[in-house]
Amino acid sequence: MLFKEIIGQNELKRQLIQTVSDKRISHAQLFVGSEGSGNLALAIAYAQYICCQNKQDDDSCGHCKSCIKFQKLVHPDLHFAFPVNTTGKIKKDAISDNFIAEWRKLITDFPYLGERTWYEYLGIENKQGNIGKLDAEAIQQKMIFKPFEADYKFMIIWLPERMNATAANKLLKLIEEPPANTLFLLVSKNIDQIIKTILSRTQLIRVPPVDEQSMHDMLSEKYDLSPNETKVLTRLSAGDVLKAIKIHDRHETEQDFFDNFKLMMRLAYEQKFVELLDWAEDMVKLGREQQKGFLYFCQQMIRENFIMNRKMQNIVYATDKEKDFSQKFSQSITPKNVESIYLALNLAMSHIEHNGNQKIIFTDLAIKFTQLIRKI
C-alpha cells in the first residue's frame, strides 16, 4: 500500500514519514478514525514505508522486493489480527489465520474495509466477530521471533475494540514491552470501546475525515456525476469514503427509501397506529444493511428539512422530489424536536447493528414519531 493510493490525509502522511526520518517510531500505535477515513490503509502504508529498501521523500518506492511483497500483503514480517467467528467451514476455534486469504483479497482490492462488509464476506453477518484468547496466543507465538527479512516485524490489529478481556490480558506485557524491532499498529473506529489497559499502552494517532477537496476529486474520477451531484455527495459523505460510496451505490434504492420515509411520516402525523404496524412489518422484510441504509436516509432527510425550516436554502442538498415534499413537511422539523428525532433514529440504528428484534425496533420508532413530529 502506497501513501499516494490513500485519499487525502496529506498532513498525517507527512507526519508518519517524519517519524521514520527522525527515528521516532513508537512500538505501539493506535490509528483511530472512521472506517472510511483510511486508517487501516494508513497503517499498512506506514509499515510498508518503514520497510522500503529505497524510500522516497514522500512515499515508498513501490518497486523493491519488500514493497512488492507488501503490496500483496505477503511479506513474512507483516502479520494481521482481526475479528472473526465460526463459519460453515471453520466450525470451532476460529482465529484470524483461518481467514488470511480472504483478508488479503479484500484489502488488496479495496483497503477501506467496513466491519459489516467483512462479516458479510465471511458469511457471519448475524454474528459478532471477536479477537479472542486463541488469536492472542497466535500473536504471542509470531512476535517472539526476530524479523525474517525487514528491520522490523509488524502486527496490525484491526478493530482492537473487538478484543475480549482474556485476549487483552495475554497481550498486555507484549504490547507494553515488545521484543526489539517489533511494532504493534492497532486500527480502531471507536476508541471508547477499547479495553483501557490496552489503550493506555499505545500512542494515539487520530485520523481525521478526508478533506472535501480530496473527496471531491476522488468522486469526480470514480463516478460519472454532474458537478452539482459531486458537490452534494461530497458534502453528505462528511469525509468518509465508505459513506460516499454507500450513498452513491444506493441511488437505485433511494426512491424506495423516500417512499417509505414519506409513508411513515404521513401515518405518524395522522396517528394511524394500525397502518404503522403494517409499515413496521414491511420494514422487517428488508435486509439488515437496507434497514440501516433507510435509517441513515431518514437522518439526511431530517437534516434537510430542518435546514429548510430555518430558511437556509443555500446549504440544502435535497433532490428536487425531496424538496417538493419538504415544502410542507419541513414545518414539522423544528428546534423543539430535531434533536429528539435524531436520537430516536440513532438508537434504532444501534439496535439494528446489535441484532435487536427488528419488528420491535421499527414499531417503537414509528410510535415515537407520532409524538415527535407534532412537537413543534
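Every read-out reported here was derived from the displayed coordinates using simple, explicitly stated rules and does not represent laboratory data. Quick caveat: nothing in here was measured; it's all calculated off a predicted structure. Here Cβ is always computed from backbone atoms with ideal geometry, including for glycine, and neighbour counts include all displayed protein chains.
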Review point. If you line up the long axis of helix 251-269 against the longest principal axis of the chain, both from Cα atoms, how many degrees apart are they, to the nearest 10?
Key: 50
Check your understanding: Which of the trypsin sites (Lys or Arg not before Pro) found in the range 7-72 are loop residues per DSSP with 15 or fewer other Cβ atoms within 10 Å of their Cβ?
Key -> Lys23, Arg24, Lys72
**Study point:** Estimated translational D of the chain in µm²/s (Stokes, Kirkwood radius over Cα pairs; 25 °C; 0.890 mPa s)
**Key:** 108
Exercise for review: Report the residue, chosen from Ile360, Ile333, Ile50, that carries the largest GNM mean-square fluctuation when the chain is represented by alpha-carbon nodes joined by springs under 10 Å.
Suggested key: Ile360
Exercise for review: Quick one: net charge around Lys153, please, counting Lys, Arg +1 and Asp, Glu -1 for every other residue with C-beta under 12 Å from its C-beta.
Suggested key: -1
Review point. Within straight cross-link reach of Lys92, meaning Cα distance under 20 Å, which aspartates and glutamates are found once same-chain residues fewer than 8 apart are removed?
Key: Glu102, Glu120, Glu125, Asp135, Glu137
**Study point:** Listed residue pairs exceeding 18 Å between alpha carbons, taken from Lys189/Lys368; Lys142/Lys173; Lys222/Lys323
**Key:** Lys189/Lys368; Lys222/Lys323
Study note, to complete from the structure: For Met1, the net charge from surrounding residues (Cβ-Cβ under 13 Å; K, R +1; D, E -1) works out to +2
Point to revise | Total formal charge among the other residues, if their Cβ is under 13 angstrom from that of Ile124, Lys/Arg +1 and Asp/Glu -1 | key: +2
**Study point:** GNM top mover of Gly62, Gly129, Gly356 - the chain, alpha-carbon springs below 10 Å
**Key:** Gly356
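So for the range 1-128, what percent of the C-alpha to C-alpha distances run longer than 19 Å?
52
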Check your understanding: Evaluated at 25 °C with a viscosity of 0.890 mPa s, what Stokes-Einstein diffusion coefficient in µm²/s does the range 128-201 have when Rh comes from the Kirkwood expression over alpha-carbon pairs?
Key -> 194
Check your understanding: What residue among Asn169, Leu40, Cys52 has its Cα farthest toward the positive end of the dipole of the range 3-208, where the charges are +1 on Lys, Arg and -1 on Asp, Glu, each on the Cβ?
Key -> Asn169
Exercise for review: Compute log10 of I(q)/I(0) for the range 250-372 with the Debye formula, placing one identical point scatterer on every Cα and leaving out solvent, at q = 0.17 Å⁻¹, to two decimals.
Suggested key: -0.85
**Study point:** Equivalent ellipsoid semi-axes, the range 91-242, via Cα gyration tensor eigenvalues times 5, rooted, Å
**Key:** 33, 19, 16
Study note, to complete from the structure: With Rg from the Cα atoms and Rh as the Kirkwood inverse mean 1/r over Cα pairs, the range 38-93 has an Rg/Rh of 1.15
